[in-house]
Every structure is written in structure tokens, then in C-alpha cells.
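This report concerns only the one structure given below.
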Amino acid sequence: MPRILLVDDDAAELKLASLYISRAGYEVEECADGIQALGRALAAPPDLIICDLQMPALDGFGLLSALRAQTRTAGIPVIFLTSHTQHSHFRRAMRLGADDFLAKPVNRSDLLEAISSRLLRLELVRSAPLPVLRIDPVAEDGAVWPASPRIPAGIQELGDYVLESEIAKGGSSTIYLARHKIEASQVAIKLIRLDGHTPPDVLGRFINEHELLERLRHPNIVPIFGQGFSDHHAYIAMEYFPRGSLTGMLKAPLPHAAVKLVLQQCAAGLEAAHHAGIVHRDLKPDNVMLRADGTLALTDFGIAKDLHAATESTDHGIVLGTPAYMAPEQAMGKQVDASCDIYSLGVMLYQMLTGEKPFPGDDHQTIIYGHLNAPVPRLPAHAAQWQDLLDLMMAKLPPARPANAAALQACLGQFHLR
């Protein structure tokens, strides 16, 4: 039976939440303050901690920092209960490693749903941990991960952050490892230049990415901590992933249990995006980041499309995305919906099972021709049990695919490894 440590200095809130949790069949241990909770967690780590954010002596921030600093407790999921809605609180908690937030007074259904979700992810990670492999220094889209630290001339600091080294460089942006001046936590800074050479659409997409990620708060989507501007740069501060991206794991086929774990977590992140009316449009291994605890987060929403936007799209007829993972309708510059992300995830499924892309080629035209005209490739015998799911996800016509990530989740729920 999963053991849950419940921490709240409000006796009434503590008893109410404890009643909800125990009646759902979980073992509950109550603590009235952060200091007591830390001692118990260090002595006997629980499966999950639910903690009030504002407490005397040792508040939720302090408890979380202490837990993440110890090897025995670093991987325990932590859900915060809070009556505060300031973005600064959310950003600080996410930087420290919080897993979820619930509003007080606590709602029974929300509480139990959050517990069930966190414990399911923990069970998946424990049963099928992702292998820790060397990250390839060359990213999928040609971005280089330099071996030696490089800091851009003239910008040692940006807002609350001190730049430490360059992590990756793409066509219009550069990613730096940075540290918060006060909290000393590491973050990734995505930076673009603001000068006469920066196309207006690049800046527009950069700002759009920040706005979309502000709306998406989910464990499988990269959390952001803020956006800022200087005289010559714009930046977004987000979670830093020291294990890098999924790309480094795909030099050979993955174990089938790990493949299913990746699919489930990617689908969970996409489901949150699709529910909000957001289509990623550039799902690929480079944009799936690895945490130390084996969980994943989707990143790079720079060309994401907001289906609920009031303004009419200006990129109809323009091909955006990465050819190797692009749905046929996307490759033709047609309007897309959530099913194009399902196609891209299907391409990733094939790559995880075989170590190869389904439609290789020496140029973009050859690759796109494969997506438009070639049949869905057959999987080798050892992966044949995945063929029906792959055919569904990589169907040429959008209506033949799962309509969105929620529909894909339903398919995955019925898929059992043999």
C-alpha cells in the first residue's frame, strides 16, 4: 500500500485531507510542521509527500530543498497545497523540483486524481527505468553541444541569473546553463538577439512560446520560470535537464518497457497541450528532455500553434517543423490539428523500436516524399506487437489517426506488452 506523508500546520485542513486519502485506501502519516516531516522522511522515505506551502519554522520551500539535497529522498514526488496564486511562488517551487500544485481548501476529487497520477508515474519509472546513456554531442537538428564552456561577450548576467556555459546552439536561439543569483539553483536560459538581423517572426514565435508555456503547467512539459529583455537580448528561463534529450538514447533500439514509458509520458504532456488547444508541431527526440528520476518533459514550443487563438494564422502554406518527423499534411503546408503530433510521436515510436528513422534520405525532398507516399514501414519481428499501434499513429490521413493525445492515451491503456 503506498504510504503518503501529509504535512500541514492547519489542523482542520490536515484532518480533512487525511480523511480523503485514507478512505481512498492509502496509508497516511500526518505531520504538523516541516521539521517533523523532514525527520520522518529521512528516517523512512514515503512514496509521496503532500505539503502545505506556508508553514512556520520550515516552510514548503525549505522542506523541498532539504529533500532534494539528500540521495534517499531526492526522488520523492512532492505536491504542494497552497492558497496563494502568485507566479513567483510557482516558479520558485518548480525550480526546486515540485511535482504538482493543488489549491486550498482542498477538493477531494482533485486531490485523489493528483495522488493517483503521481503514484502511477512513480510505478512506471520504478518498473521500467530509462537507461542512462551518454548524450551525443551533436543534436538532431545540427545544433552543437560544445565540450568547453562559452559565455557570450558582454552578457555575464541576465535579470536574476548568472550565465555559466553554453549548452546548445540552434538556428535562431542559444541555450545557456545559468544559476539564480539568490537561490543558486541551475536553470536553462533560451536566448535570442534583438538586433536588426533578427527576423520579426523569430521574435514573435519566441514571445509566443513563453505565453503558451505559461498556460501549460504539467509534469511532462518543461516548466518556465520567467521571461526577460535586455538592450540586445530576449530570454526565457526554464528547467535545466543535465541528462540532455532523448536523442542520445536512440543509437540502438530501446527496451520495450522503456518505449512504453516514453510514449505514456509524451502522450500525457501532449494531452495537457491539446486540451488547451495547443499543437506542438515539432515533436522529436531533441525536444523530449530527460530528468534524473527517469521522467520526461516536452520542450521547444517555438512553432506551436494555438488552435483557440482569435487571430487568423499567418503561416498557412508555410512548412514549419523538422522533415524527419513531419506529418504529411504538415509537410504540404496545410492546416494541422492535434493529430499531427500523434504522427510525429509515431515516427519516434518507430525510431525507439529500431534505432532508425522510418523514411531516411539525403535531402528534405526525399524524406518528405516518404512521409507523403511510402507505406508505413514494417517493424522487425522482435517489435511486431507494436505494428498495429504504429499503423494507427502514422496513418497518412489525419482522420485515421487518434484525434489527439487523450485518444492515444486510451489506445495505450489497452496495449499490453507480451
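A few notes on this one:
- Taking the stretch 3-88 and the strands (runs of 3 or more DSSP E) fully enclosed by it, the elements with 3 or more residues that are without any contact (Cβ under 8 Å) to a residue 40 or more places away in the chain are at 27-31, 78-82.
- With respect to the stated conditions, ILE76 is β-branched (Val, Ile, Thr), under 22 Å from the mean Cα position of the chain (by Cα) and surrounded by 21 or more Cβ atoms within 10 Å (Cβ to Cβ).
- Any hit, the stretch 242-264, residues being within 19 Å of ALA405 (Cβ to Cβ) and surrounded by fewer than 19 Cβ atoms within 10 Å (Cβ to Cβ): no
- Members of the stretch 360-403 that are in contact with a Ser or Thr (Cβ under 8 Å, 6 or more places away or on another chain), free of Cβ contacts under 8 Å to residues at least 60 places away in the same chain and crowded, with 16+ Cβ neighbours inside 10 Å: LEU379
- Among (1) farther than 14 Å from ILE221 by Cα; (2) crowded, with 22+ Cβ neighbours inside 10 Å, the one test that GLY269 misses: (1)
- Filter result for the condition that a residue is of a type in the set (Gly, Ala, Ser) and more than 21 Å from ALA93 (Cβ to Cβ), over ALA272, ALA309, ALA268: ALA309
- Residues within the stretch 387-418 that are farther than 23 Å from LEU298 by Cβ and either assigned to a helix (DSSP H, G or I) or of a type in the set (Ser, Thr, Tyr) (or both), tallied: 5
- In the stretch 293-309, of all residues being touching a residue at least 60 places away in the same chain (Cβ under 8 Å), in a loop (DSSP other than H, G, I, E, B) and not charged (D, E, K, R), the one that is surrounded by the fewest Cβ atoms within 10 Å (Cβ to Cβ) corresponds to ILE303.
- Among the numbered conditions (1) in a helix (DSSP H, G or I); (2) outside the structural domain of LEU194 (by TED's automatic domain parsing), the only one that HIS210 does not meet is (2).
- Single condition LEU283 does not satisfy, out of (1) surrounded by fewer than 23 Cβ atoms within 10 Å (Cβ to Cβ); (2) assigned to a loop (DSSP other than H, G, I, E, B): (1)
- Among the residues of the stretch 217-234, those identified as farther than 29 Å from MET348 by Cα and in contact (Cβ under 8 Å) with a residue 60 or more places away in the chain are GLY226, GLY228, SER230, HIS232, HIS233.
- Look at (1) crowded, with 20+ Cβ neighbours inside 10 Å; (2) among the polar types (S, T, N, Q); (3) under 25 Å from ILE79 (Cα atoms) and you find that SER173 fails only one, number (3).
- Taking the criterion of being in contact with a Gly (Cβ under 6 Å, 6 or more places away or on another chain) and farther than 18 Å from LYS357 by Cβ, the residues of the stretch 221-259 that qualify are ILE221, GLY228, TYR235, ALA237.
The values are calculated or read from the model by the stated rules, or taken from the named source; none is laboratory data. Fair warning: this is a prediction, and the values are worked out from it, not measured in the lab. Note that we place each Cβ from the backbone using ideal geometry, even for glycine, and neighbour counts take in every protein chain shown.
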